[in-house]
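The values are calculated or read from the model by the stated rules, or taken from the named source; none is laboratory data. Everything numeric in this text was worked out from a predicted model, so none of it was measured. Positions of Cβ are backbone-derived with ideal geometry, glycine not excepted, and every protein chain shown enters the neighbour counts. Side chains included, ligands, DNA and RNA excluded: accessible areas come from the protein's heavy atoms. Shrake-Rupley method; radii C 1.70, N 1.55, O 1.52, S 1.80 Å.
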Amino acid sequence: MRMTPSELPSPEIVCLVDDDPSVLRSTGRLLASDGFTVRPFNKGADFIAYVASHDVPLVVLDIWMKEMTGLEVLARLCAISPQTHVIVITGHEDSAARILATQIGTVAFLIKPFDDEQFLAAVHDALDQARNS
């Protein structure tokens, strides 16, 4: 039986926040290759403005960005959209940031470059948790 376009499941939206254009591009392509619609943001403030008026089940968030760090984004996100699940990505291992992010309740904390399969598994797990909460 063939599905009409209106019956096809809509792709899930994953927000991606990173100030590195190459990471936005490559991670966005990886997510798109797995069927996700990606909303990229190169500034934390732009993402926070988007969350204020949109339901965001999952964000993949770089922790070390200029202007507004991922930790600042995370603090604001917890205040305005506590139901949003978060996967943290970073190019620098930082145990204090890892502990803080874990205490806040992030789903995963991954060091760039991360394993594609591990990353996609974390995305699927986070979206499953979002659907079940």
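A compact table of results
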{"quantity": "Mean separation of Cα contacts under 8 Å, 6 or more apart, over the residue count of the chain: relative contact order %", "calculated": "21"}
{"quantity": "Net charge over other residues, Cβ less than 12 angstrom from the Cβ of L58 (K, R count +1; D, E count -1)", "calculated": "-2"}
{"quantity": "Cα-centre dipole for the chain with unit charges at Cβ (Lys and Arg positive, Asp and Glu negative), debye to 20", "calculated": "240"}
{"quantity": "The chain - convex hull of alpha carbons, volume per residue in Å³", "calculated": "117"}
{"quantity": "Solvent-accessible area per residue for the stretch 44-133 (1.4 angstrom probe, square angstrom)", "calculated": "52"}
{"quantity": "For the chain, built as a Gaussian network whose Cα springs stay under 10 Å, the top-fluctuating residue of A49, A97, A75", "calculated": "A49"}
{"quantity": "Loop GluC sites (Glu not before Pro), the stretch 35-112, which have at most 14 other Cβ atoms in a 10 Å radius of their Cβ (DSSP)", "calculated": "E67, E93"}
{"quantity": "Accessible-area order (highest first, 1.4 angstrom probe) of the listed residues I99, I63", "calculated": "I99, I63"}
{"quantity": "Percent accessible area from carbon and sulfur atoms, the chain, protein chains only, probe 1.4 Å", "calculated": "54"}
